[in-house]
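Reviewing the structure listed below.
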Amino acid sequence: MLGRQRHQTDPKSPGKMMKNKIIMVFTTCPDEAIARQFGQHLVGAGLAACVNVVPGISSIYRWQDKIQQDQEAMMMIKTAAEHLPEITAWIRQNHPYDLPEVVAVPVVAGHGGYLQWINDAVAAQE
């Protein structure tokens, strides 16, 4: 599907498609407390509709030519694509890691009403 426009179902018309603007942004934090603080800020600032914090994940990765293993907390940030630059900048400025993960993926489909709620929640703060 490279080069094709991705769409989601319009909640008002199940058969009608609307342009997809919803993304999920993933980042990890060294602990649950930091992830919760970040989530509070992002939702409070209107940059995210919802942030799920998943504590206790085990990450195995290569850093500075060594294989590392750490316990972290994963953040799943639900937002509109236009907020990605500001979310990325805020995470980079406030994160304790030298090189924080910020990975965004498009939401290609989902429950129309829920996707509309995400759009409405982040638009309400603009």
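Each reported figure results from applying straightforward, stated rules to the coordinates on display, with no laboratory input. For clarity, every value in this text was computed on a predicted model and none was experimentally measured. Please note: Cβ atoms are built from the backbone with ideal geometry, for glycine as well, and neighbour counts cover all protein chains shown.
Side notes on the structure shown:
- Applying a DSSP loop filter and a limit of 16 other Cβ atoms within 10 Å to the chymotrypsin sites (Phe, Trp or Tyr not before Pro) in segment 27-126 leaves Tyr97.
- Theoretical gain in end-to-end length, Ser58 to Asp98 [0.36 nm per residue, Cα-Cα removed]: 12.5 nm
- Computed from point charges on the beta carbon alone (+1 for Lys and Arg, -1 for Asp and Glu), the dipole magnitude for segment 20-123 about its Cα centre is near 160 Debye.
- Listed by Cβ neighbour count within 10 Å, with the fewest neighbours leading, Thr28, Thr79 appear as Thr28, Thr79.
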